[in-house]
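Structure first, then comments.
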Amino acid sequence: MCDIDYLLNSNEPWTVYRTMEDILGMGTDDPDAKAARKRMVHDPLVRGLVEELSGWPGEVLSSHKSAGQAYHRLSFLAEIGMDKEDPGMKEIVDKVALYIHPDGIPRLPSLIPERYGGTGEVKEAWALCDAPTTLYSLARIVSPEDKLVRAGFMKLLAIARTSGWPCTVSEELGGFRGPGRKDDPCPYATIIMLKLISAFDDYKDSDEAKNGVECILDLWENSRVKHPYIFYMGDDFRKLKAPFVWYDIMNVADILSRFEFARKDQRLLEMVDLIRSKRGEDGRYRPESEWKAWKGWDFGQKKGPSSWIEFLVCRIEKRMEGLA
């Protein structure tokens, strides 16, 4: 059960604000929610991220699993509820827009060595393991109805197969493809495409969404034998970890729980039960793995409880109960 008092008394203002919004359903005009949001916007850690992202696009992308990449930072700001009217955010959005091509798909300076099928040169390019995250952030920070955001979403949606989304990159990256069979779905591309779909209410019951959800749930059901593109659902996958960067149980369960049709599926219920089983004897949730790039945040360490992880678990539970 959610310990609302614990979440509301957190020292992390993003935890307090999102608890008010997502768990208690308090509107943005509520005085307490407005005060919590103001504290969040001006928190030194949040301001530090905004300042860092003013240098968008940041370092050349060579690993999508690098938690310090600018587009992962932007996604976290979108998740906690920052928008384009907040200090410094419009400047970031304007810089991101400079890297969006007419097709609506955002590019990043990327480098893939020739030995992996790339060009060996830095190119402005996109891959299906980065573009959906950037577009999701823009949909949250700006609007899902923004013309370019919508155009990019539709382009990426069209890549879907009945089995999920494949490993796909833009032509600038040459013949690169991840280490898997061509016909297999890429689990990570599929899960972040589902996250992108969740920002568009008119597509949350689409065939693409249902096929993508089934892909991930089937991988969970067959986690001992199915590992497309070397994405495993083993011990590391099952560790509690934040923020949402890669392919792990918290990220997957959070995304799947956004789809009403998935919430009664026994496979997702099993996933959520496993997450719940990790509550400590003191009633708190602790990170079981950490991203070094997020040291200093309460979820960026393993020594003590994290109110943000507890909030994320609580939000999943509320969704599964049909209450959020």
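The values are calculated or read from the model by the stated rules, or taken from the named source; none is laboratory data. None of these values were measured; they are calculated from a predicted model. A quick note on method: Cβ atoms are made from the backbone with ideal geometry, for glycine too, and the neighbour counts reach across all protein chains shown.
Within the range 301-315, does at least one residue satisfy the condition of being in contact with a helix residue (DSSP H, G or I) (Cβ under 6 Å, 6 or more places away or on another chain), of a type in the set (D, E, K, R) and either within 23 Å of I4 (Cβ to Cβ) or modelled with pLDDT under 95 (or both)? So far as the range 301-315 goes, yes, one or more of its residues are in contact with a helix residue (DSSP H, G or I) (Cβ under 6 Å, 6 or more places away or on another chain), of a type in the set (D, E, K, R) and either within 23 Å of I4 (Cβ to Cβ) or modelled with pLDDT under 95 (or both). Of the helices (runs of 4 or more DSSP H) entirely within the range 47-165, those holding at least 2 residues that are of a type in the set (A, V, I, L, M, F, W, C), closer than 24 Å to R37 by Cα and at pLDDT 95 or above occupy 70-80, 89-97, 131-141.
Tell me, yes or no, whether the range 7-18 has at least one residue that is within 22 Å of the chain's Cα centre (by Cα) and small (G, A, S). Checking the range 7-18: not a single residue is within 22 Å of the chain's Cα centre (by Cα) and small (G, A, S). Scanning the range 306-324 for residues that are in a loop (DSSP other than H, G, I, E, B), of a type in the set (A, V, I, L, M) and touching a residue at least 60 places away in the same chain (Cβ under 8 Å) yields a single hit, A324. Against the numbered list (1) within 19 Å of the chain's Cα centre (by Cα); (2) at pLDDT 95 or above, A35 comes up short only at (1). Give me the pairs, please: first residue somewhere in the range 213-234 and at positive phi, second residue anywhere and surrounded by 15 or more Cβ atoms within 10 Å (Cβ to Cβ) and outside any helix (DSSP H, G or I), beta-carbon distance under 7 Å, and either six or more positions apart or on two chains. Qualifying pairs under 7 Å: Y229/C167; Y229/G178; Y229/G180; Y229/D184; Y229/C186; I230/G180.
Does at least one position in the range 92-112 carry a residue that is under 17 Å from the mean Cα position of the chain (by Cα) and in contact (Cβ under 8 Å) with a residue 60 or more places away in the chain? Among the residues of the range 92-112, not one is under 17 Å from the mean Cα position of the chain (by Cα) and in contact (Cβ under 8 Å) with a residue 60 or more places away in the chain, which makes the answer no. Of everything in the range 19-32 that is at pLDDT 95 or above and touching an Asp or Glu at 6+ places or on another chain (Cβ under 8 Å), the residue that is surrounded by the most Cβ atoms within 10 Å (Cβ to Cβ) is M20. If you go through the range 281-305 and keep only what is crowded, with 24+ Cβ neighbours inside 10 Å and either part of a helix (DSSP H, G or I) or small (G, A, S) (or both), you end up with nothing.
Scanning the range 76-112 for residues that are of a type in the set (S, T, Y) and surrounded by fewer than 21 Cβ atoms within 10 Å (Cβ to Cβ) returns a single hit, Y99.
Of the residues making up the range 280-324, those that are closer than 19 Å to I255 by Cβ and of a type in the set (G, A, S) are S289, G322, A324. The number of residues in the range 170-191 being more than 14 Å from E121 (Cβ to Cβ) and not in a loop (DSSP other than H, G, I, E, B) comes to 5.
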